[in-house]
1. Quick test of your reading of the structure: Glu404 fulfils all but one of (1) open to solvent by less than 20 Å² (accessible area, probe 1.4 Å); (2) closer than 13 Å to Val300 by Cα. Name the failing condition by number.
2. Does Phe219 count as among the aromatic types (Phe, Trp, Tyr), at pLDDT 90 or above and closer than 27 Å to Gly424 by Cβ?
3. Please give the number of the condition Asp278 fails out of (1) touching a helix residue (DSSP H, G or I) at 6+ places or on another chain (Cβ under 9 Å); (2) without any contact (Cβ under 8 Å) to a residue 40 or more places away in the chain; (3) of a type in the set (Asp, Glu).
4. If the requirement is being more than 21 Å from Val309 (Cα to Cα) and open to solvent by less than 10 Å² (accessible area, probe 1.4 Å), which of these qualifies: Leu417, Leu391?
5. Which one is least open to solvent (accessible area, probe 1.4 Å), of the residues in the stretch 291-305 that are of a type in the set (S, T, N, Q) and either touching a Phe, Trp or Tyr at 6+ places or on another chain (Cβ under 8 Å) or in a strand (DSSP E or B) (or both)?
6. What pairs come up if the first residue lies in the stretch 263-275 and is outside any loop (DSSP other than H, G, I, E, B), the second is buried (at least 20 other Cβ atoms within 10 Å of the Cβ) and of a type in the set (D, E, K, R), and their beta carbons are under 7 Å apart, counting only those six or more places apart or on different chains?
7. Taking the stretch 225-242 only, how many residues are under 19 Å from Gly310 (Cα atoms), assigned to a loop (DSSP other than H, G, I, E, B) and open to solvent by less than 40 Å² (accessible area, probe 1.4 Å)?
8. Anything in the stretch 210-224 that is more than 30 Å from Arg447 (Cβ to Cβ) and open to solvent by 30 Å² or more (accessible area, probe 1.4 Å)? List them, or say none.
Amino acid sequence: MSQTLPPDPTAYYSRVVESYAHFFDRPEVRLRFLKSTLAQQAALRAALDEKLTRLEFIKKTYLYDQLLKVWLYHLIFRETRRLLPSVSWRGHGLLSLRSRAPLTARIFFKCYQFRTAFFAVSAALLAVIVFGVYRAAAWSARYVNTQLTERYGTASGPAGATATQDHVFTQVAAASLPDYSPEKVWLVEEKDHYERYSNGARILNDYATETRPRSYYIFKPGGEREPEANSKPVGIVYHTSESHLVPFNEGNSESIETRTRGLVEYVRKNSSYNYVIDRFGQIYRVVRDEDAANHAGNSVWADARGVYVGLNESFLGVCFETTMSADASGERLTEAQLVSGRLLTQVLRSRFQIDDANCVTHGLVSVNPSNMRVCFHHDWARDFPFSAMGLSDKYLVAPASVSEFGFTYDEETLGKLGGRMWPGVAQAEQEFERKAGQAKLKTEEMRQRGREQYRRQFDSQRALRAEE
């Protein structure tokens, strides 16, 4: 098997086959064995030569010679097995015949004999390897993500804010989407019924309405407020409509649109949000940007400038037509909603220079001052795809409702979230305890002060609105 075949190996093939043919007693069987084996070998060689017409160099390689040799011994063994019932052996067993073949051919024949078992074992081994690679890749991704987060934290969170293994909130990959840059987005076309922007966003104005001009204070730690009221929206709060949804498929297209119209009309009637994004990705402007929508109620958030209380006045409300309970297919947002949500986020951030730190969800800002609980409304209290919107993960940010005012949570709150709070809450609780220690107050005394401070600020905000 190690020798190189001559340019015309026909004579070599004949000698090899004849060396096995002499084991057969009957001449007619021997002749049949010779003709059949050599004919099949010739047919294979002719087929290979035809396929390699434009790759002549391959026929000059060692691999090509070995392929023909191995196939020849495969034919010898196959024809021998086929003719065995009709022949007798001159005292030689099949084992003796195989022993005359080169080692490569014998190994090939063994693999051929046990090919079914070989394929089964190979398939099982391949499955184990693939599973091992998958687990290794998953572990590596988690490890790298943890290391990066521990090193860099989050741009909008407090110093030292890190991701933990308890962070199970889903993030949608956004590597294929363009990075946000304010100068990239501008108004391209404005008509009576729609606006078109440079990033592809198209905002429908058919349901646009007016309410009241925005007016709000920014409060500093300790309760001091800026002397003048502000009127430009400073952030975005994302909501779910919690409206009835039908399965998202082609057969329900008309029904889906009918429900969307009903939802948008309801939102318009109640001035509930500034924007609605339906399941087909259409963006509806409802309450104009300069006016406050009734979307956040009792709510708290903070950035580097200060604390915002009652976010109706200071934040834009963007509602996705969806529910917090995913449907049977696992859908919470359609692909069209993800794309449109990112485009609208870019438009609003560009127009009003909104900081990433102030793009948050309703569940993270909503509070109940009657019992000092966070997450009074729990839409997007988990699983909001911040990364798909081009935003940092606000589940890692310590909420000001806890760190500044001492809001807390109970078993009912945990029940809304599947038994676990988002990671930023624990950091906010530590910050509140630190402040209580600095003030030399017990936690409950500090919490009572926080409740009173929140009510004063909320009343101050409400009084400002009444003056307008």
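1. Answer for Glu404: the failing condition is (1).
2. Details: among the aromatic types (Phe, Trp, Tyr): yes; at pLDDT 90 or above: yes; closer than 27 Å to Gly424 by Cβ: yes.
Here the answer is yes, as Phe219 does meet what is asked.
3. (2)
4. Details: Leu391 fails: open to solvent by less than 10 Å² (accessible area, probe 1.4 Å).
One residue alone meets the criteria, Leu417.
5. We begin by selecting, within the stretch 291-305, every residue of a type in the set (S, T, N, Q); these are 294, 298-299.
So of that shortlist, the ones also either touching a Phe, Trp or Tyr at 6+ places or on another chain (Cβ under 8 Å) or in a strand (DSSP E or B) (or both) come out as 298-299.
Working: Asn298: 51, Ser299: 0 Å².
For the stretch 291-305, the residue satisfying everything is Ser299.
6. So the pair list comes out as Leu263/Glu321; Tyr275/Arg285.
7. We begin by selecting, within the stretch 225-242, every residue under 19 Å from Gly310 (Cα atoms); these are 225-240.
Adding the requirement that they be assigned to a loop (DSSP other than H, G, I, E, B) leaves 226-229, 231-234.
Still in the running and open to solvent by less than 40 Å² (accessible area, probe 1.4 Å): 226, 233-234.
So the answer is 3.
8. At the first step, the residues of the stretch 210-224 found to be more than 30 Å from Arg447 (Cβ to Cβ) are 210-214.
Glu210, Thr211, Arg212, Pro213 - these are the residues of the stretch 210-224 that are more than 30 Å from Arg447 (Cβ to Cβ) and open to solvent by 30 Å² or more (accessible area, probe 1.4 Å).
The values are calculated or read from the model by the stated rules, or taken from the named source; none is laboratory data. Note that the structure is a prediction, hence the values are computed from the model and not measured. In this analysis, Cβ positions are derived from the backbone assuming ideal geometry, glycine residues included, and neighbour counts consider all displayed protein chains. Keep in mind that these areas ignore ligands, DNA and RNA; they rest on the heavy atoms of the full protein, side chains included. Shrake-Rupley method; radii C 1.70, N 1.55, O 1.52, S 1.80 Å.
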